[in-house]
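All remarks here apply to the structure that follows.
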Amino acid sequence: MTVMEAIQARRSVRSYSSQPVTQQELESVLEAGRLAPSARNRQAWHFTAVRDAALRERLMAACKDQKQVGEAPVTLVVWAEDDPLMACGQSASTVDCSIALSFMLLRAAELGLGTCWLGAFDAEQVKEALGLPAQAVAVAVTPLGHPAEQPAARPRKAPAEVWDVRG
Ligand SMILES: Cc1cc2nc3c(=O)[nH]c(=O)nc-3n(C[C@H](O)[C@H](O)[C@H](O)COP(=O)(O)O)c2cc1C
C-alpha cells in the first residue's frame, strides 16, 4: 500500500471487534510515530498503549464515555512532557504529537486496523488515570483495533475551497 492509498483508506472507526491487536502490530504502529518529525527534533512525546480492561474503562470515562474506547482492545494516548511555544506562537507539543499520531493512524490503516482520533476527552482525567506528571499535556486519544464496520468516506471540501496555488 502506498502512503496515498493509506490516506485514502483511513476512516474514523467507531465500532470494533474483540480480535486482539498483536504485539507486532502494536509496535509497528508505535514505530511510525517514533519516526515522525518534531520541532527541533525534541521528541518530548510519549505514546502510551493500554490493553488493561480496567484502565481502558477509566479512559473511556475520561473520553466522555465514547464507547469505541471500551470496545477496542487497545487505547492509545499521545502525550507530551511539557508545553513550549514555537516562534510562531503555536504549541510545539500539540503540533508534534498531532504529526506523530497522524503517522500512526496511517500505519494502522495500512495494517487494516481501525482508529478514531478523539479530541473529546477530559485531559486531567486522562492524566490522572495514567499517572502522568503534572506538567504533561495529553494531546490526543485513539482506540486501536480491528474494525467491526467499514465506514464510508466522509465528505471533504472541494479543492477550489481549500487549495490556494499562487504564481
Ligand atoms: C482533532 C480531532 C478530534 C476529533 N475528536 C473526535 C471525537 O472526540 N470523537 C469522535 O468520534 N471523532 C472525533 N474525531 C473524528 C472526526 O469526526 C473525523 O475525523 C471526521 O468526521 C472525518 O471523518 P474520517 O476521519 O472518517 O475521514 C476527531 C478528529 C480530529 C482530527
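The numbers here are math on the coordinates, done by the rules we state, and not lab data. Nothing here was measured: the structure is a model prediction, and the numbers come from that model. All Cβ positions, glycine included, derive from the backbone under ideal geometry; neighbour counts span all protein chains shown.
Under 1.5 on a/c is rounded, so check that first for segment 3-151, then, if it is not, pick prolate when a/b is larger than b/c and oblate when it is not; a ≥ b ≥ c are the square roots of the alpha carbon gyration tensor eigenvalues.
Values: a/c = 1.88, a/b = 1.23, b/c = 1.53.
Taking the square roots of the gyration eigenvalues as a ≥ b ≥ c, segment 3-151 is oblate.
Pick out which of P84, P155, P147 has the largest mean-square fluctuation in a Gaussian network model of the chain, springs linking Cα atoms closer than 10 Å.
Judging by the Gaussian network model, the answer is P155.
Taking neighbour Cβ counts within 10 Å as the exposure measure, how do L111, L101 sort from fewest upward?
On the way: L111 20, L101 24.
In order of increasing Cβ crowding within 10 Å: L111, L101.
Can you tell me which of Q66, Q24, Q150 moves the most in a GNM of the chain? Springs connect C-alpha atoms under 10 Å apart.
Q24
What residue among W117, A9, H46 has its Cα farthest toward the positive end of the dipole of the chain, where the charges are +1 on Lys, Arg and -1 on Asp, Glu, each on the Cβ?
Among W117, A9, H46, the one farthest towards the positive end of the dipole of the chain is A9.
In percent, what relative contact order does the chain have, based on Cα pairs under 8 Å that are 6 or more apart in sequence?
Working: 292 pairs, mean separation 57.9, N = 167.
Averaging sequence separation for qualifying contacts and normalising by length gives 35 percent for the chain.
Placing unit charges on C-beta atoms (Lys and Arg positive, Asp and Glu negative, everything else neutral), compute the dipole magnitude of segment 18-93 about its Cα centre in debye, rounded to 20. Walk me through the numbers on the way to the answer.
Numbers: 8 positive and 10 negative charges, 23 e Å.
With Lys and Arg at +1 and Asp and Glu at -1, about 100 debye.
If neighbour count is taken as other Cβ atoms inside 10 Å, put T75, T48, T142, T94 in order from fewest to most. Display every interim value, and only then the final one.
Values: T75 30, T48 18, T142 26, T94 15.
Lowest count first: T94, T48, T142, T75.
Using the 10 angstrom Cβ neighbour count as an exposure proxy, how do C63, C116, C88 rank, fewest first? Could the numbers behind the result be given before it?
Numbers: C63 25, C116 22, C88 8.
Ordered from fewest to most neighbouring Cβ atoms within 10 Å, C63, C116, C88 come out as C88, C116, C63.
In whole Å, what is the distance between the alpha-carbon centres of segment 69-139 and segment 1-38?
Their Cα centres are 14 Å away from one another.
With +1 on each Lys and Arg Cβ and -1 on each Asp and Glu Cβ, how big is the dipole of the chain about its Cα centre, in debye rounded to the nearest 20?
Values: 17 positive and 19 negative charges, 81 e Å.
Once rounded to the nearest 20, the dipole reads 380 debye.
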